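Have a look at the structure below, then the notes.
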Amino acid sequence: MAAVRTTGEVLRHRLAVVSLVVILFVMLAPILWITATAFKPRNLATTVPPTVFFTPEVSPFVKLMVKRSQLREKPTEEQLAAAPWWERLVLEGGEKVVRSGKGAVQPSGYPSRFLNSLIVATVSTVLAVSMGTITAYGFSRFKVKGEDDWLFFILSTRMLPPVVVAIPMFLMYRAVGLNDTHLGLIILYTAFNLSFSVWLMKGFIDEIPKEYEDAALVDGYTRMQAFFKIVLPEAATGIAATAVFCFITAWNEYAFALIMTNKRAQTAPPFIPSQIGSGLPDWTVIAAGTVLFLLPVAIFTFLLRNHLLRGMSFGAIRK
Amino acid sequence: MAEIELRGISKSFGTVPALRDINLTIADGQFFVLLGETGAGKTTTLRLIAGLDRPTEGRILIDGQDVTDWGAADRDTALVLQQYSLYPRYTVRQNLEFPLKSPMRRVPPDQIAERIARVSKTLRIGHLLDRKTDRLSGGEMQRVSIGRAIVRTPKVFLMDEPLSALDAKLRESLRAELKDLQMTLGETFLFVTHDQVEAMSMGDRIGVLNKGTLVQVGTPQEIYSNPVNTFVARAVGSPAMNLLPGRIEGGRAQLGPGLALDHAGGAEGRALIFGIRPEDVELATGAPLPATVTDVENHGVEKIVTLMAGPHRLRATVPVTVRVAAQDQVRIGWQPARVTLFDEATGRSLRRA
Ligand SMILES: Nc1ncnc2c1ncn2[C@@H]1O[C@H](COP(=O)(O)OP(=O)(O)OP(=O)(O)O)[C@@H](O)[C@H]1O
Ligand SMILES: [Mg+2]
């Protein structure tokens, strides 16, 4: 119908495209910058004005993963020839890879922090979402005495700013030996996300007609079976949306992780900035660590994107 | 095959009573229709029998066995709901399979296939089997819902207004199909509706529910010709029974000054309501009551004539051959035997009292 456009319309359309591109660029600029830095040679990382064109390198990522120490003198030709490709990258940067007595490569602090983050965020998300779903189902389907008060109570656990409870929590954790443990962080993040998960899931489950379960009950299924066979698949969208929110919260959490952990169970958020303090920072390595840290949330969200779009459009967070 | 018995069933939601002291027996193989307005407690009754809710008081028996404390899964009833009977995520076939695949039944796969084939033939839904149920029309959906109930050969079929969402024509054809189906299966059906035409045309017996109380149970004929009170009189029949306030004086029905009709006498002097079905109102030149025609509706085989007799508005159905037009002055009468008398204060029929 609108095959023929007036010049005004064409102009407006072009303007819209241009402004979208500008907005997109402004939004993505920090990510572009950090990603570019992660692939730069060290000497180009902090130039003023910034270097835009360069030959990308993977050496920052190699350096990120292994423990290194400064070399006193330039590496010899034999050293370079004997080393595998990744070790050569470190040597060329004027550092050597630290090995144990038996010759095994020592990893840097980053891989274990990253793994800790993955464990803590994944386990606490699974726990918060599953407990939240069951709790929400109970509130949605059964008469609970003082239902509104309970729901308010559950929400109220989120009203205290984390900073306020951080110190008492730290003291309690120290007393029971949960300091710097995975379990400690998992409990903390699960508790933190649970109220959110209950509220969000209640909205989604309320939308599922309870006649579906009634029909299943009459057809010879128990309530449990009806829950797993009918309610869960119907709630998949809501579960996905809730899981993404919980995962992001747990993955990005900084304050508690900083106070509660220092080594064994330390997650990536407090670790990454801690590197800056030690000596002359290698910005390319820090950028590489940051870029890797961005990936899991991006991948997780991307995998669930179909559910998310539908999940955001109904239920508790309907706009 | 089963007989259902409700003994003194009451159900309250919090302080709100939904059902009050219901006593009812539905014989094996009967097509029983529960008729009631919205909020009368029809769905509540079905849910109690299906075992989805527990009665506040009273016992429920199926085949003489007290099932009041049994869960829904153990009662072996099939329920067709007002809506949301089908799972949108499943295909028609998966929906039909669902009751057969329940862990407490475990029907072998070859039998499942056979039963589904038979049901889809009966209900003519074979071509829909691999479609998702949210892509079906209303009529197809209700057919599949009914199919889901009958694949299982349960003891009792409970149907909650399964036809209410359909258009008139489809409704009529499905009504006949359902009735046929019940005859073929020979099972006990409890069918709930707010549509009196549906109730009258389908039911072997009808129970009329008013605000949680079962006011009358009987065959369609009994309910039609001998309603226990003015509520039932108004609820069945289209157009509804004419209800005219008046009293009996000197052996005649007095409907107002100068408005007297023949009557056999009895119940002298108290305030009454005279109930007369539209087809029993006679238009004749020698009849005792003068009336003005205000409206004539032509329905093909008959005409529905609206009349004003003094302050009373009433309706009469007459054959189309009767020549009558709006604003005509006519005279009307009745056979006293066709009149049902109700007490004005209580609304109860005097024949019953
Ligand atoms: N779960 C419930 N909680 C509170 N009140 C309820 C509940 N279910 C039903 N009621 C009330 O009980 C009464 C009977 O409801 P019911 O659903 O049985 O009516 P119905 O005859 O099926 O009506 P309709 O024709 O509209 O389906 C109504 O007043 C209703 O508000
Ligand atoms: Mg109902």
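Things to note:
- Any strands (runs of 3 or more DSSP E) falling wholly within the range B:208-308 and containing at least 3 residues that are in contact (Cβ under 8 Å) with a residue 40 or more places away in the chain, closer than 30 Å to B:Pro17 by Cβ and open to solvent by 20 Å² or more (accessible area, probe 1.4 Å): B:213-218
- Members of the range B:169-198 that are within 20 Å of B:Leu48 (Cβ to Cβ) and within 16 Å of ligand 1 (Cβ to nearest atom): B:Leu190, B:Phe191, B:Val192, B:Thr193, B:His194
- In the condition set (1) modelled with pLDDT of 90 or more; (2) away from chain A (no Cβ under 14 Å); (3) part of a helix (DSSP H, G or I), B:Leu174 is compliant with all but (1).
- Flag if B:Val301 is β-branched (Val, Ile, Thr) and in the same structural domain as B:His194 (by TED's automatic domain parsing): no
Here's the yes/no breakdown for (1) crowded, with 17+ Cβ neighbours inside 10 Å; (2) closer than 20 Å to A:Ala240 by Cβ; (3) at pLDDT 95 or above; (4) among the basic types (Lys, Arg):
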{"site": "A:Val126", "(1), (2), (3), (4)": "no, yes, yes, no"}
{"site": "A:Gly132", "(1), (2), (3), (4)": "yes, yes, yes, no"}
{"site": "A:Gly146", "(1), (2), (3), (4)": "no, no, no, no"}
{"site": "A:Asp180", "(1), (2), (3), (4)": "no, no, no, no"}
{"site": "A:Tyr212", "(1), (2), (3), (4)": "yes, yes, no, no"}
{"site": "A:Val218", "(1), (2), (3), (4)": "yes, no, no, no"}
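- Residue in the range A:187-194 that is open to solvent by 90 Å² or more (accessible area, probe 1.4 Å), assigned by TED's automatic domain parsing to the domain that holds A:Ala136 and farther than 21 Å from A:Arg113 by Cβ present: no
- Each residue in the range B:49-77 was checked for being under 30 Å from B:Leu136 (Cβ atoms) and more than 7 Å from every other protein chain (Cβ to nearest Cβ), and 5 pass.
- Some residue of the range B:10-31 being among the aromatic types (Phe, Trp, Tyr), within 16 Å of ligand 1 (Cβ to nearest atom) and under 29 Å from B:Ser201 (Cα atoms): no
- Verdict on A:Trp199 being more than 13 Å from chain B (Cβ to nearest Cβ), aromatic (Phe, Trp, Tyr), open to solvent by 60 Å² or more (accessible area, probe 1.4 Å) and without any contact (Cβ under 8 Å) to a residue 40 or more places away in the chain: no
- In the range B:76-96, the residues that are assigned to a helix (DSSP H, G or I) and under 31 Å from the mean Cα position of the chain (by Cα): B:Val92, B:Asn95, B:Leu96
- Pair list, Cβ under 7 Å, 6 or more apart: the range A:217-239 residue more than 10 Å from chain B (Cβ to nearest Cβ), other residue of a type in the set (S, T, N, Q) and open to solvent by less than 10 Å² (accessible area, probe 1.4 Å): A:Ala235/A:Thr133; A:Ile239/A:Thr133
- In the condition set (1) touching a Phe, Trp or Tyr at 6+ places or on another chain (Cβ under 9 Å); (2) surrounded by fewer than 22 Cβ atoms within 10 Å (Cβ to Cβ), B:Thr91 is compliant with all but (1).
- Every test in (1) at pLDDT 95 or above; (2) within 14 Å of A:Ile286 (Cα to Cα) is passed by A:Val58 save one, and that test is (1).
- Checked against (1) under 26 Å from the mean Cα position of the chain (by Cα); (2) touching a residue at least 12 places away in the same chain (Cβ under 8 Å), A:Ile134 passes all but condition (2).
- Matching residues, the range B:48-70, being in a loop (DSSP other than H, G, I, E, B), more than 16 Å from ligand 1 (Cβ to nearest atom) and not β-branched (Val, Ile, Thr): B:Asp63, B:Gly64, B:Asp69, B:Trp70
- Subset tally (residues that are free of Cβ contacts under 8 Å to residues at least 40 places away in the same chain, of a type outside the set (A, V, I, L, M), farther than 12 Å from B:Ile9 by Cβ and open to solvent by 20 Å² or more (accessible area, probe 1.4 Å)) for the range B:42-76: 6
- The listed residue being surrounded by 18 or more Cβ atoms within 10 Å (Cβ to Cβ), within 16 Å of ligand 2 (Cβ to nearest atom), under 20 Å from B:Arg47 (Cα atoms) and within 13 Å of chain A (Cβ to nearest Cβ), out of B:Leu163, B:Leu81: B:Leu81
- Test result for B:Pro109, open to solvent by 10 Å² or more (accessible area, probe 1.4 Å), within 9 Å of another protein chain (Cβ to nearest Cβ) and more than 16 Å from ligand 1 (Cβ to nearest atom): no
- Among the residues of the range B:23-41, none qualifies, meaning not one is part of a strand (DSSP E or B), farther than 23 Å from B:Glu177 by Cα, touching a helix residue (DSSP H, G or I) at 6+ places or on another chain (Cβ under 9 Å) and within 16 Å of ligand 2 (Cβ to nearest atom).
- Being within 16 Å of ligand 2 (Cβ to nearest atom) and touching a helix residue (DSSP H, G or I) at 6+ places or on another chain (Cβ under 9 Å) is a property that holds for B:Asp195.
- For the range A:202-212, filtering for residues that are more than 9 Å from chain B (Cβ to nearest Cβ) and either small (Gly, Ala, Ser) or part of a helix (DSSP H, G or I) (or both) leaves 5.
- Failed item, numbered, when B:Ala73 is tested on (1) more than 16 Å from ligand 2 (Cβ to nearest atom); (2) part of a loop (DSSP other than H, G, I, E, B); (3) not charged (D, E, K, R): (2)
- Comparison of B:Arg124, B:Arg148, B:Arg152, B:Arg175 shows that the only residue that is in contact (Cβ under 8 Å) with a residue 12 or more places away in the chain and surrounded by fewer than 19 Cβ atoms within 10 Å (Cβ to Cβ) is B:Arg124.
The values are calculated or read from the model by the stated rules, or taken from the named source; none is laboratory data. Remember, predicted model here, so these are calculated numbers, not experimental data. Reconstructed Cβ throughout: ideal geometry from the backbone, glycine too, with neighbour counts over all protein chains shown. To get the accessible areas, we keep the full protein, side chains included, count just its heavy atoms, and leave off ligands, DNA and RNA. Shrake-Rupley method; radii C 1.70, N 1.55, O 1.52, S 1.80 Å.
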